[in-house]
1. Does segment 101-141 hold any residues that are out of contact with any strand residue (DSSP E or B) (no Cβ under 8 Å at 6 or more places or on another chain) and under 14 Å from Ile35 (Cβ atoms), and which are they?
2. Among all residue pairs at least 6 apart or on different chains, which show Cβ distances below 8 Å where the first residue, located in segment 119-130, is more than 17 Å from Ile144 (Cα to Cα) and the second is open to solvent by 50 Å² or more (accessible area, probe 1.4 Å) and not in a strand (DSSP E or B)?
3. Identify, from the list Leu48, Leu19, Leu11, Leu39, the residue that is surrounded by 15 or more Cβ atoms within 10 Å (Cβ to Cβ) and in contact with an Asp or Glu (Cβ under 8 Å, 6 or more places away or on another chain).
4. In segment 22-36, which residues are among the small types (Gly, Ala, Ser) and open to solvent by 60 Å² or more (accessible area, probe 1.4 Å)?
5. Is it fair to say Pro14 is touching a Lys or Arg at 6+ places or on another chain (Cβ under 8 Å) and not aliphatic (A, V, I, L, M)?
6. How many residues are open to solvent by 10 Å² or more (accessible area, probe 1.4 Å), small (Gly, Ala, Ser) and free of Cβ contacts under 8 Å to residues at least 60 places away in the same chain if we restrict to segment 86-113?
Amino acid sequence: MSDTKPVIYVLNGPNLNLLGLREPEIYGSDTLDDIAGMLEDRAQEMGLTIDMRQTNHEGMLVDWLHEAQAEGARAVLLNAAAYTHTSIALLDAIKAISTPVIEVHLSDPSTREEFRHLSYIAKAAAKTVQGHGAQSYVIALEAIGNGEV
């Protein structure tokens, strides 16, 4: 019997490397490292492992979604950032894998500029968690642990 804990991929898109500096009135003051620490602590309590990644490149997110499936990840938390509203490639990648994907947003895009109201990610994601700041990630992780996804 393996002691390996189920892995949750946490994939973050463009400009999220600037969290804590970039528009804190919208995205909060937590950095991506702060969020990773919160997730790692909660995941450990839940018997899960976090694989946290960030890229500014759309194709890398597609590759990581494919990898999540190939490596047997339990689920993916995906904050595609601006690619949420533009990327049919990410939509197709999510549809191509059986690993459940939860869409995550710090802010609530539906309350922001109209171009942010369309989410290609939501068309294939198992669930969306948005508008809770850094806690959006924790809420999404708990949905996996609670068997909601």
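The values are calculated or read from the model by the stated rules, or taken from the named source; none is laboratory data. What you see is a predicted model, and the numbers here were worked out from it, not measured in a lab. Every residue, glycine among them, receives a Cβ derived from its backbone with ideal geometry; neighbour counts consider all protein chains shown. When the accessible area is computed, the model is the full protein with side chains, heavy atoms only, and any ligands, DNA or RNA have been set aside. Shrake-Rupley method; radii C 1.70, N 1.55, O 1.52, S 1.80 Å.
1. Scanning segment 101-141 gives His132, Gly133, Ala134, Gln135, Val138.
2. Within 8 Å, the pairs are Tyr120/Thr86; Tyr120/Ile88.
3. Leu19
4. Residue satisfying the conditions is Ser29 alone.
5. no
6. Count: 4.
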